[in-house]
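Student: Here you go, one structure.
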Number of protein chains: 4
Amino acid sequence: MANTFGQLFRITTWGESHGGGVGVVVDGCPPKLKLTEADIQPDLDRRRPGQSKIVTPRKESDTVQILSGTFEGQTLGTPISMWVKNEDIRPEAYSEMATKFRPSHADYTYIAKYGIRNWQGGGRTSARETIGRVAAGAIAKKILRERFGVEVLSYVKQVQRIEAEVDYQTVKVKDIESNIVRCPDAKAADKMIRLIEKMRKAGDSVGGIVEGVARNVPAGWGEPVFDRLEADLAKAMLSLPASKGFDIGSGFDSILLTGTQHNDLFRMKGGKVRTLTNRSGGIQGGISNGESIYFRVAFKPVATVMHEQDTVDSQYRNTTLKGRGRHDPCVLPRAVPMVEAMTALVLVDHALRQKAQCG
Amino acid sequence: MANTFGQLFRITTWGESHGGGVGVVVDGCPPKLKLTEADIQPDLDRRRPGQSKIVTPRKESDTVQILSGTFEGQTLGTPISMWVKNEDIRPEAYSEMATKFRPSHADYTYIAKYGIRNWQGGGRTSARETIGRVAAGAIAKKILRERFGVEVLSYVKQVQRIEAEVDYQTVKVKDIESNIVRCPDAKAADKMIRLIEKMRKAGDSVGGIVEGVARNVPAGWGEPVFDRLEADLAKAMLSLPASKGFDIGSGFDSILLTGTQHNDLFRMKGGKVRTLTNRSGGIQGGISNGESIYFRVAFKPVATVMHEQDTVDSQYRNTTLKGRGRHDPCVLPRAVPMVEAMTALVLVDHALRQKAQCG
Amino acid sequence: MANTFGQLFRITTWGESHGGGVGVVVDGCPPKLKLTEADIQPDLDRRRPGQSKIVTPRKESDTVQILSGTFEGQTLGTPISMWVKNEDIRPEAYSEMATKFRPSHADYTYIAKYGIRNWQGGGRTSARETIGRVAAGAIAKKILRERFGVEVLSYVKQVQRIEAEVDYQTVKVKDIESNIVRCPDAKAADKMIRLIEKMRKAGDSVGGIVEGVARNVPAGWGEPVFDRLEADLAKAMLSLPASKGFDIGSGFDSILLTGTQHNDLFRMKGGKVRTLTNRSGGIQGGISNGESIYFRVAFKPVATVMHEQDTVDSQYRNTTLKGRGRHDPCVLPRAVPMVEAMTALVLVDHALRQKAQCG
Amino acid sequence: MANTFGQLFRITTWGESHGGGVGVVVDGCPPKLKLTEADIQPDLDRRRPGQSKIVTPRKESDTVQILSGTFEGQTLGTPISMWVKNEDIRPEAYSEMATKFRPSHADYTYIAKYGIRNWQGGGRTSARETIGRVAAGAIAKKILRERFGVEVLSYVKQVQRIEAEVDYQTVKVKDIESNIVRCPDAKAADKMIRLIEKMRKAGDSVGGIVEGVARNVPAGWGEPVFDRLEADLAKAMLSLPASKGFDIGSGFDSILLTGTQHNDLFRMKGGKVRTLTNRSGGIQGGISNGESIYFRVAFKPVATVMHEQDTVDSQYRNTTLKGRGRHDPCVLPRAVPMVEAMTALVLVDHALRQKAQCG
């Protein structure tokens, strides 16, 4: 099950950094959804390396091809197979990786688990794996938008100590996309970009926080107990490369308030049950309550740096390793479409589950 | 799938606060494990209401009965069904709940989803549901201990602003259990207990952080991509009632460091690949690296307070509701066995998956 | 997953012949279905030993108790836990089974797999396990009837060489239940009963065929490829104790015709697409076509006989074993409710899946 | 879950008859298995149309490409993605199919379910879908052979009324492959080939029985209750296009014997527990007992015939349809590798499950 996500809207990703490519099979998509590559490519372009000066410069067009599951521009209800070829294949650039474990990467743990690894470009651990997620997520976002009126978006909320001011209830996609760091607070964005550029030049990297939002989710999606909406979101986010934490609504700060202060009081408003505050983050008891869902994901600084660092080689001897060539000074701008994709995948899955049991 | 957790070591919980009881079916347990109720009851006692002056006073013995899956004191490999009767059933104490939605509880969302709810004691949303998890977790802990030499424990790390100093590498269970708040830092524990007592008297509640630890996990457990060990832990923890956040290793604080500062450098030590620091929290690329796993879970202050609060009733009219009778000023002492149980369930599942694919 | 069946309407059974009882947890049941024990008990009574002179005389009332998932006579959408206590516990009657492997039973294979078994009454291999299935199936049948207008029934079609004439399109439950062998052809039923009685007296057993039918299934249920309706039915039936074969529609006899002879021609009839014949058995390409579904299940003669037979003991020495006490000369009358239960479970599951993806 | 098969060794197939191709993703394959396209292609060639004069003449090379999951000729433990391009695309040859439902095909049921279908060459219902299964099955067979010493094979046992004499215990692959109908009884094979040729010329089709065998399966594979080995095999076989029935061991004929006659008596032989007969078909209580597994699958005559037949069109009007161009007079020779593939997939899955729980 390792490479499959979702219960009813299920995606299975495959592929390594170097090899025939990367891809995804989407199973359970409702039929008769209008769908072509043009619905998928824009999100892949937002995820793509080389899109701006502050991300890794790997040169790939990441052009997606739909191999199955559509007919005359509509989904069939059968599996949608999508494929992106690998282009910028330079195994020689990574040759030292064949024999040395990169610190804070998965080289060593893959050997511990499988006894073998494709060391070229990180193999399956490469962020290229997320291409399949983003492609599938683009379909999920379309279903949410067209069939349920739900909007999913995310943005960079914080880079190291630079925090943006953003209202998750009203922020617009065009403001997010108005700069290369994908932070809708223009002032903070400027500072963030400068910091990331500095890191790039220093051969170092920096982390931060992406905030994810889903607006107009109807009350009643989610499950009690194990498959709570926030639990599935947490899993989705912690499955992204470099993520280290997740909190929802009031999150870690909830502990500073007492129960009386923290509770979201119910009031009728426009004929609907609403809450006066939204510390719950749009979810109560695992089920959406009709308020906006919002949460944060912490991404550590990317492990690949251009400095010599102590490590161990595959003969289990101490050695050093210095990153070379391309590095990604900050994963956050490219993490934005990943967070959106995973959010949409979780929500569509629960939308279908709700129809099945209670529809 | 809503009420089932795990892929190979699978638990299915059932039951409402008021009714025939609560229970769990454990499927996939290895055969020939010594097991009787005496292995389960101690963890249930740690989870039980009424165990001390700082938790909810509901009076239940929570006595577990194993109905199947064992024979002459050993597991058979067949499903283990465990059952705890409900005893302290006082539906009248909750009668107002029949017609009013408690703020920041799941009363409203259950109605939005199912169109019906058992309002007595919160029904399925009651923390009594976690009895099944803790019972199953006791088995998982035993398997980890006896078959893999892995130790799982957790403790209260913070209550509101009172933070304990604890070394996750060396902390002992007896220090955790030496006080009623389950915080191994005696000084902090005293302050925490005083704060919680104050809250109880004030009819209010307070949240905090539980830290979870797994020691001696061999390198190689976990999966890349979706079922990363940290992703499954995140889901497990966010599925616990009142949890609002999860982070692992350096977690949210990872964003304050650069990549160069943050990386865990590898060194050989005692013939083993070790890391000089453990910001990864024992997991790299979703797979354990042999270091201790440690993570934090934020629990909000419990929603039930003894104060009158605005809310809405089931006729969708504004009203107020005042908590009565029993309330739990702080969920943390009882959350400790829950965190341990969910940690153990995740780890056993991955231990079995590792055997299946790579064993 | 071994003890769980279904994707969206999921049942998990547990329990051994001797021990705390047997039971089932049903997860995914739609909310607001009227449900009490009175909906379940009649099918359990049809499955029960001792119900007539031609079935095994074990004395159990098999009284079901619903422990969770309902409130004021309606389902909540939460797991429904059902439990039947074991009553007629006579381990001494089976003591020889502790050390000898019964021929054509699962005693040896359980040891080969688990290294341990509960030898009392067959443990988990006992037909008592099917109590949970029949109880869950009663709920599934009710959902099909009340929410989808689908009728599920089955009957004994053949005992050894005695074949009944039955029209699956029109046969009525009251005719099936009009005799103890559950064969709606009264003449054949008489012969069957006489044969079974003869077998009982001879301490021997006899097998036969149960035919299963689902009428008024709408076109469009089922899945292409792996989860074809007939594939799920086949699995369901072959999971029943003592079953050895399954075929659907024209089944094994289909091979006697050419394609031209075998094809079901489409014609419009009453505004609906209908087929002139129904060799497809109501399913085409894995999906229901609106015609009645009908299939056959072969049950071998029960392995427990009252004769001395060669076998091997748990010390792996040749020996002999003679059945004693109670034996079931023919499983077929009791298999009828089992076949209905499994049919209903498959159909409800696909009904919910259809709603999820295409609803 | 519709397009995924297996629990631990999981395959997901995708693709339509006309479009970008067909393929499969295999998840859960053990690492360090030697694997290249040369291991896969031979079974695809046995499945391929146009391989002999008695099968459908569609012209496709069905050349498989491994896109991921291997490195330097060995499996990585990551998903193995395999792809076969569609070549012989002649949508015009099928244009009538756009508006008419072919009798006993899935055209109508797809519309009933999805409201849309790819009518070109049958779309997803095309037997081309089985390419993915056969490719994955080739890997499964290799694992069984190399890691467990298990041999899987199958052959044509019967075509219409022509029945072959074959000893499942000793039959050799070279005898199966010695003729184009894949029947190891040379005399019967001749008659079968003549009959199929006659059918081809007559524009008609004929069905029959494929027998599947697994030899040297160790005792202890399989699960009790739902995931019995025979239940999973039954599902696997009934998921193949045109299959109508399955029975195992003594199968439907078991009903002609009494229990005393039918039981397989245990005897020690060469230090092993063996049975004197094998009516159980190598499985008892859902678990392998160390004897050879053998079973039969009935395949109906293929629905596409070159005769005019009554049907209905997509405007729901009565009409007629005459098959044109290519037709497959008998699916059996090509079903042989499909049966082997599905058998191997079931067995590998259970082998891994056995390791997980009881290893």
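The values are calculated or read from the model by the stated rules, or taken from the named source; none is laboratory data. Computed from a prediction, not measured in an experiment: that's the story for all the values here. Cβ sites come from the backbone with ideal geometry, for glycine too, and all protein chains shown count toward neighbours.
Student: Between C:R194, C:R215, which is out of contact with any Cys (no Cβ under 7 Å at 6 or more places or on another chain), among the basic types (K, R) and touching a residue at least 24 places away in the same chain (Cβ under 8 Å)?
Tutor: The conditions single out C:R215.
Student: Which of the residues that make up segment B:60-91 are on the phi > 0 side of the Ramachandran plot and without any contact (Cβ under 8 Å) to a residue 24 or more places away in the chain?
Tutor: Listed by number, the list holds a single entry, B:E72.
Student: Consider C:S292 against the criteria (1) closer than 30 Å to A:K355 by Cβ; (2) of a type outside the set (D, E, K, R); (3) more than 20 Å from the chain's Cα centre (by Cα): it satisfies all of them except one. Which criterion is unmet?
Tutor: Result: C:S292 fails condition (3) only.
Student: For A:S126, state whether it is touching a helix residue (DSSP H, G or I) at 6+ places or on another chain (Cβ under 8 Å), of a type outside the set (F, W, Y) and under 28 Å from A:G323 (Cα atoms).
Tutor: no
Student: Does A:R296 count as closer than 30 Å to B:S126 by Cβ and either assigned to a loop (DSSP other than H, G, I, E, B) or more than 9 Å from chain B (Cβ to nearest Cβ) (or both)?
Tutor: no
Student: Inside segment A:127-168, can you point out the residues that are under 21 Å from A:L76 (Cα atoms), crowded, with 20+ Cβ neighbours inside 10 Å and among the aromatic types (F, W, Y)?
Tutor: none
Student: Got a sec? Which of B:G249, B:G282 is under 21 Å from A:V331 (Cβ atoms) and of a type outside the set (V, I, T)?
Tutor: B:G249
Student: Next up: Looking at segment A:243-268, I want the residues that are more than 7 Å from chain B (Cβ to nearest Cβ) and under 30 Å from B:Q315 (Cβ atoms) and have a partner that is surrounded by 19 or more Cβ atoms within 10 Å (Cβ to Cβ) and at pLDDT 95 or above with Cβ atoms under 6 Å, at least 6 apart or on another chain. Which pairs are those?
Tutor: Partner pairs satisfying both residue conditions: none exist.
Student: So, one more: Against the definition (within 30 Å of D:Q354 (Cβ to Cβ) and buried (at least 24 other Cβ atoms within 10 Å of the Cβ)), how does B:I80 come out, yes or no?
Tutor: Criteria met by B:I80.
Student: Something else now. Any idea how many residues of segment B:108-120 are touching a residue at least 12 places away in the same chain (Cβ under 8 Å) and surrounded by fewer than 24 Cβ atoms within 10 Å (Cβ to Cβ)?
Tutor: 2
Student: Same structure, new question: Quick check on my filter: what residues within segment B:22-52 are farther than 26 Å from B:L8 by Cβ and basic (K, R)?
Tutor: Hits for segment B:22-52 are B:R46, B:R48.
Student: Still on this structure, I have one more. Filter segment B:299-310 for residues that are surrounded by fewer than 23 Cβ atoms within 10 Å (Cβ to Cβ) and assigned to a strand (DSSP E or B); which is farthest from the other protein chains (Cβ to nearest Cβ)?
Tutor: B:E308
Student: Can you tell me which residue among B:Q41, B:Q51 is within 20 Å of B:R128 (Cα to Cα), in a loop (DSSP other than H, G, I, E, B) and not aromatic (F, W, Y)?
Tutor: Among B:Q41, B:Q51, only B:Q51 is within 20 Å of B:R128 (Cα to Cα), in a loop (DSSP other than H, G, I, E, B) and not aromatic (F, W, Y).
Student: Next up: I'd like the full set of residues that are touching a Lys or Arg at 6+ places or on another chain (Cβ under 6 Å) and assigned to a helix (DSSP H, G or I), limited to segment D:112-159.
Tutor: D:G123, D:V134
Student: Taking into account only those residues within segment D:150-194 that are charged (D, E, K, R) and within 14 Å of chain C (Cβ to nearest Cβ), which is farthest from D:H350 (Cα to Cα)?
Tutor: It comes out as D:R161.
Student: Oh, and also: Mind listing whichever residues of segment D:192-246 are more than 30 Å from D:R353 (Cβ to Cβ), small (G, A, S) and within 19 Å of the chain's Cα centre (by Cα)?
Tutor: D:S205, D:G207, D:G208
Student: Mind listing whichever residues of segment B:1-38 are part of a loop (DSSP other than H, G, I, E, B) and among the β-branched types (V, I, T)?
Tutor: Residue satisfying the conditions is B:T36 alone.
Student: Also, quick follow-up: Given the structure, is A:M97 within 14 Å of chain B (Cβ to nearest Cβ) and either within 23 Å of the chain's Cα centre (by Cα) or modelled with pLDDT under 90 (or both)?
Tutor: yes
Student: A follow-up question, please. Which of the residues spanning segment D:219-240 are within 7 Å of chain C (Cβ to nearest Cβ) and touching a Leu at 6+ places or on another chain (Cβ under 9 Å)?
Tutor: D:E223, D:R228, D:E230, D:A231, D:D232, D:A234, D:K235, D:L238
Student: State whether the residues of segment D:32-55 include one that is facing another protein chain (nearest Cβ under 8 Å) and surrounded by fewer than 23 Cβ atoms within 10 Å (Cβ to Cβ).
Tutor: For segment D:32-55, residues facing another protein chain (nearest Cβ under 8 Å) and surrounded by fewer than 23 Cβ atoms within 10 Å (Cβ to Cβ): present.
Student: Taking the conditions exactly as written (surrounded by 24 or more Cβ atoms within 10 Å (Cβ to Cβ) and either hydrophobic (A, V, I, L, M, F, W, C) or farther than 23 Å from B:V134 by Cβ (or both)), does A:N263 satisfy them or not?
Tutor: Yes: the conditions hold for A:N263.
Student: Out of the residues in segment A:274-292 that are β-branched (V, I, T) and in contact with a helix residue (DSSP H, G or I) (Cβ under 6 Å, 6 or more places away or on another chain), state the one that is farthest from the other protein chains (Cβ to nearest Cβ).
Tutor: A:I283
Student: Going through segment D:325-346 one residue at a time, which ones are in a loop (DSSP other than H, G, I, E, B) and in contact with a helix residue (DSSP H, G or I) (Cβ under 7 Å, 6 or more places away or on another chain)?
Tutor: Once the filter is applied, which keeps residues that are in a loop (DSSP other than H, G, I, E, B) and in contact with a helix residue (DSSP H, G or I) (Cβ under 7 Å, 6 or more places away or on another chain), segment D:325-346 yields D:G325, D:P329, D:C330.
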